[in-house]
Each structure stands twice: as C-alpha cells, then as structure tokens.
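Participant: The structure's right below; bear with me while I get my questions together.
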Amino acid sequence: MSKKNMEMPLDITAEEFASRREQLKSQLATDGLMLLAAADHPIRNGDAEYGYRQNSNFWYLTGFDEPEAVMVIAPNRKEGEYILFCRDRNPEMEQWTGRRAGQDGAKEIYGADQAFSISKLDEMLPALMEDRDTVYLPLARGNDLQATAEKALNVVRGRVRTGIAAPQRFEDIEPLIHEMRLFKSAAEAEQMRYAGKVSAMGHTRAMEKSHSGLNEYQLEAEICHEFARMGCRDEAYSSIVGGGENACILHYIENNQLLKHGDMVLIDAGAEFRKYAGDITRTFPVDGKFSEPQRELYQIVLNAQLASIEQVKPGNTFDHPHQATLQALTSGLVELGILKGDVKELIEKEAYKPFFMHKTGHWLGIDVHDCGKYKIDGEWRKLEPGMVMTIEPGLYISPSDDVDEKYWNIGIRIEDDILVTESGYENLSADVVKSVEEIETLMGQRNK
C-alpha cells in the first residue's frame with residue numbers, strides 16, 4: 001500500500017470531547033464533583049525527558065495534551081461546570097520547551113467554561129468542594145491528586161460550623177470513564193482503522209526486509225520507520241521482535257539477537273495514531289521459507305485465529321473466540337501427537353497450557369490493553385457494536401521430553417484488531433498477509 005492511497009482521518013472534534021464530558025456528567029450525582037489529573041512528564045535520566053504521553057482518561061475527556069493540569073466537572077455550578085487548571089503562558093519557558101495553551105487556550109481551544117492557573121488549585125479546590133456530597137477521582141493510582149483532594153477536604157471540614165457541608169465520600173471515577181471508552185464512536189473507529197493500516201504496513205515492510213544475519217533491532221527499526229513515515233511517530237507499546245527461541249518469551253523486548261537462517265521471527269508491534277493503538281502480531285521465517293514443522297504449527301495457529309475471528313459478532317460473549325481457539329489449538333496438537341487423548345477432556349484439564357498460556361484477546365483503544373470490564377455479574381459480557389478487541393492465539397513450544405525435538409523453540413502468534421459491527425466484525429489490520437502461501441510469496445519477491 002502506498003502513502004498516496006492513504007488519507008489520514010479527521011481529528012476528534014472539540015464537539016465530541018464536549019459530548020463525552022456531558023455523558024460523564026450525566027452519570028455523576030448532581031451534588032458531586034469530579035477531578036482528573038494530567039500525566040506527569042517523567043525524566044529519562046539527568047535532565048533529559050521522555051516524550052510526553054497524556055493520561056488516557058484525561059485526554060479522552062479533554063483532548064488537552066500538556067502536563068501539570070487538572071480538570072474539574074462540577075454539575076450545576078453557575079459559574080461553569082467544566083473547569084481546567086493548567087500552566088500559565090510563559091514566553092521564556094515556551095522558547096525552551098514548547099508552546100502552552102494557557103488559560104485562554106483552555107477555554108477557546110479546549111472548551112473549558114473557566115480556566116485558572118494550576119498554581120491556584122490548592123487555593124480554589126476547597127471552595128469547589130463546598131456543599132458537594134461526593135468527590136469522584138481515580139483512587140489508588142499513586143499520584144498526587146488524591147492527596148490534594150484530601151487536603152482540600154480537611155479545609156472544608158474546618159468550615160462546617162459556618163453551615164458549609166463537606167463531602168462525605170470519595171468514589172472511583174475510572175469505572176464510569178472506562179465503560180464509556182469501551183464503545184468507540186465512528187470518529188474513533190476511523191483513527192483505529194488508520195492505526196491498523198499503518199501497523200500492517202510496518203509488518204509488511206519487516207517481512208520484505210528480513211533475512212538472516214540481521215539483528216532483531218534492525219527489523220524493529222524498519223517497522224518504526226514505516227510508522228513514522230505514515231504519520232505515527234509513536235509505537236503503541238514496546239515492540240516485540242523475537243527470533244528463534246526468543247519468540248517463546250511472551251513479552252520479549254530486548255530485541256538484540258541475530259536472526260538465524262532456519263528460524264522464525266515473531267513480531268508484535270503496533271502504531272499509535274492520535275492516541276489510538278494498533279496491535280498486530282505476525283510470525284514468519286527469517287529467510288522466507290517455512291520448514292515442515294514450522295508450517296504444521298503455523299497452520300494450527302492460523303486455523304485457530306480464523307475460527308476465533310468468526311466468533312466476533314453481537315450477542316456472542318468475549319469468551320466465544322477463546323473457546324474456538326482452545327478447540328482448534330488442542331485438536332491440532334493432538335493431530336501432531338504433541339498432546340494425546342480426547343480433545344474435550346484435554347481442554348477441560350487445560351492440557352494446552354504449557355503451549356498456550358494466555359487469553360485469546362483483549363480490548364483495544366487508547367491503551368493497547370484497553371479498559372472495560374470483561375465480565376458483568378460474573379458472566380462473560382456480550383459483544384456489542386463499537387467494541388474493538390484483538391484476536392491472538394499462539395503456540396510456544398519450549399524444549400521438553402514430551403515433545404518431538406523438531407518442534408522445539410518455535411513460537412508462533414497471529415494477531416489482528418477486530419471491530420464489532422452491527423452485522424459481525426471488521427478486521428482493522430487485514431492489510432498484512434498471514435497465510436503460509438501469502439507470506440512465502442511476499443518474501444520470495446524481495447530480491448526480484
């Protein structure tokens with residue numbers, strides 16, 4: 001796919017961010033107060049900073065991409081219900097570290113009803129809490145916001161003799177926001193569709209560039225190059241590029257070993273586009289040709305993935321694809337003689353666990369392992385349009401006396417990003433090949 005055939009979708013609009021805030025506000029008590037803080041900007045080492053990544057919940061509600069900020073939603077507050085505390089404009093600092101929105105920008109660009117300097121938060125928060133029964137904020141997150149809120153609460157408690165009521169409880173705001181984030185709007189789906197296409201391009205480039213003698217990090221570099229070329233400067237997570245036995249380590253990110261002829265390489269990598277994650281895994285022979293044992297195991301995993309994707313549709317539960325995966329993987333392992341016995345009994349005994357030890361997928365969105373409950377009242381939740389999930393079965397065959405040596409140190413995972421639609425599903429990452437024949441054909445064309 002060429003760049004000229006790819007159009008970036010429009011940004012999430014200010015109106016959509018405002019709609020999200022209204023939806024959240026409607027779920028708060030009318031005498032409640034909601035607080036949410038921006039992410040800190042961590043230091044990498046010395047005085048060198050990491051690139052800034054906003055807190056996902058904060059960005060989801062504000063679109064505001066600066067540190068040192070706190071948002072407040074105060075239902076029925078006459079002076080304004082959405083308040084943003086943020087950094088002041090500072091021409092000298094902005095020359096060194098970049099532009100700031102300031103309080104005017106917070107209102108004009110980001111839709112705040114009122115905006116104040118972050119330096120005024122401690123001074124103003126007690127008044128905002130007065131006569132509010134419930135304070136909603138993220139709990140047990142290890143940041144300063146809860147301590148700031150508790151300090152303000154003590155100030156308000158000191159005023160109760162004047163007739164002011166102090167908040168009676170703190171409640172965790174994250175479950176409400178996370179349930180909202182689970183369902184993607186049409187605009188969000190467009191961001192994720194683009195992230196999926198760019199992620200697919202990165203994986204395709206890796207297949208085209210792969211050969212023995214490269215280091216794993218050199219394939220990672222090819223992927224990152226393609227992501228950035230297409231407007232995705234950030235990876236959605238640390239890429240996994242594991243050759244040979246490294247593919248059997250689920251979260252291998254060292255990516256510093258030579259790729260060897262005859263081995264396979266597992267790449268789990270996704271682009272982040274405007275905060276939305278792609279998440280694709282492909283596994284292929286380093287030099288483009290499957291051995292027979294590799295082909296046998298790979299086809300089992302591919303069969304499992306295809307069967308699992310077909311289970312993604314409204315009305316089915318999150319667990320339906322996983323059960324399809326277990327059936328296909330266990331049946332395939334029995335056919336190869338790696339497992340022995342009745343397939344149903346083997347699944348009940350979890351005999352597959354040494355070779356497949358993770359769930360078949362997870363929610364995907366602003367975070368790669370996105371938020372949202374997987375069960376409701378103890379039951380796997382039903383899939384609904386707007387949800388996005390990954391489907392990623394795998395097999396990881398470590399050396400064992402119970403397994404034929406020809407299968408040792410082969411790790412295979414195949415992963416795609418699946419949007420639940422009204423009629424079934426849409427594969428957002430379908431642009432990168434995954435059948436044995438397609439992979440060998442693509443890689444066979446490298447030197448032509």
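Participant: Find the residue count for region 210-244, including only residues that are part of a helix (DSSP H, G or I), in contact (Cβ under 8 Å) with a residue 40 or more places away in the chain and surrounded by fewer than 19 Cβ atoms within 10 Å (Cβ to Cβ).
Facilitator: Residues that pass the stated criteria total 1.
Participant: Give me the pairs, please: first residue somewhere in region 62-91 and over 22 Å from V135 (Cβ atoms), second residue anywhere and part of a loop (DSSP other than H, G, I, E, B) and open to solvent by less than 10 Å² (accessible area, probe 1.4 Å), beta-carbon distance under 6 Å, and either six or more positions apart or on two chains.
Facilitator: The qualifying pairs are D65/Q54.
Participant: Now a separate question. Please determine, by comparing only the residues of region 30-61 that are part of a helix (DSSP H, G or I) and open to solvent by less than 20 Å² (accessible area, probe 1.4 Å), which one is farthest from L128 (Cα to Cα).
Facilitator: Within region 30-61, the match that is farthest from L128 (Cα to Cα) is S56.
Participant: Further question on the same structure: Residues that are touching a Pro at 6+ places or on another chain (Cβ under 8 Å) and more than 30 Å from C232 (Cα to Cα): does region 267-290 have at least one?
Facilitator: no
Participant: In the set Y396, Y425, which member is modelled with pLDDT of 95 or more and open to solvent by 10 Å² or more (accessible area, probe 1.4 Å)?
Facilitator: Y425
Participant: Filter region 95-124 for residues that are out of contact with any strand residue (DSSP E or B) (no Cβ under 8 Å at 6 or more places or on another chain) and either assigned to a loop (DSSP other than H, G, I, E, B) or in contact (Cβ under 8 Å) with a residue 24 or more places away in the chain (or both) and give the result.
Facilitator: G98, R99, I109, S119, D122
Participant: Kindly list, by first and then second residue, each pair from a residue in region 389-406 that is over 18 Å from G332 (Cβ atoms) to a residue that is buried (at least 24 other Cβ atoms within 10 Å of the Cβ) and aliphatic (A, V, I, L, M), limited to pairs with Cβ atoms under 6 Å and residues at least 6 apart or on different chains.
Facilitator: So the pair list comes out as M389/I418; T390/L364.
Participant: Working only within region 142-179, note down all residues that are among the hydrophobic types (A, V, I, L, M, F, W, C), over 25 Å from the mean Cα position of the chain (by Cα) and part of a helix (DSSP H, G or I).
Facilitator: Listed by number, the residues that qualify are A147, A149, A152, L153, V155, V156, V160.
Participant: For region 100-119, which positions are more than 18 Å from A37 (Cβ to Cβ) and either of a type in the set (A, V, I, L, M, F, W, C) or at pLDDT below 95 (or both)?
Facilitator: I109
The values are calculated or read from the model by the stated rules, or taken from the named source; none is laboratory data. The structure displayed is predicted, hence computed values, not measured ones. A quick note on method: Cβ atoms are made from the backbone with ideal geometry, for glycine too, and the neighbour counts reach across all protein chains shown. Protein only, heavy atoms only, side chains kept; ligands, DNA and RNA dropped before computing areas. Shrake-Rupley method; radii C 1.70, N 1.55, O 1.52, S 1.80 Å.
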